[in-house]
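Quick note: the coordinates plus some simple rules give every number you see, no bench work behind them. None of the values given here were measured: they were computed from a predicted structure. As a convention, Cβ positions derive from the backbone with ideal geometry for all residues, glycine included, and neighbour counts pool all protein chains shown.
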Amino acid sequence: MATNPANDIQQCIQKCQQTAQQLESMANQETNVQVKSMLKEAAHHLDLCIEECQFSVEAVQAPTM
């Protein structure tokens with residue numbers, strides 16, 4: 001059974017989105033300014049990765065010439 005790369009990437013994106021949301025939630029509850037900043041930075045980095053992965057999904061789904 002062949003795997004679908006677009007589905008695999010999409011599943012990874014969803015897991016990363018959940019993790020980014022968890023990091024944001026933790027940051028919002030954090031009282032230590034340094035820890036809050038690091039958690040928000042981590043979430044931001046995941047958001048950037050997610051954006052790049054979305055381009056990969058589009059590339060995999062694009063018809064080849």
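Could you tell me which residue of the stretch 27-65 is surrounded by the fewest Cβ atoms within 10 Å (Cβ to Cβ), considering only residues that are aliphatic (A, V, I, L, M) and within 16 Å of the chain's Cα centre (by Cα)?
Filtering the stretch 27-65 for residues that are aliphatic (A, V, I, L, M) and within 16 Å of the chain's Cα centre (by Cα), the one surrounded by the fewest Cβ atoms within 10 Å (Cβ to Cβ) comes out as Leu48.
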Subset of the stretch 6-21 (residues that are more than 12 Å from Gln54 (Cα to Cα) and surrounded by 13 or more Cβ atoms within 10 Å (Cβ to Cβ)): Thr19, Ala20
Hits in the stretch 2-13 (condition: without any contact (Cβ under 8 Å) to a residue 24 or more places away in the chain and assigned to a helix (DSSP H, G or I)): Asn7, Asp8, Gln11
Filtered residues of the stretch 14-60 (kept if in contact (Cβ under 8 Å) with a residue 24 or more places away in the chain and either touching a Pro at 6+ places or on another chain (Cβ under 9 Å) or part of a loop (DSSP other than H, G, I, E, B) (or both)): Ser56, Val57, Val60
Hits in the stretch 20-65 - residues which are of a type in the set (A, V, I, L, M, F, W, C) and under 14 Å from Pro5 (Cβ atoms): Cys53, Phe55, Val57, Ala59, Val60, Ala62
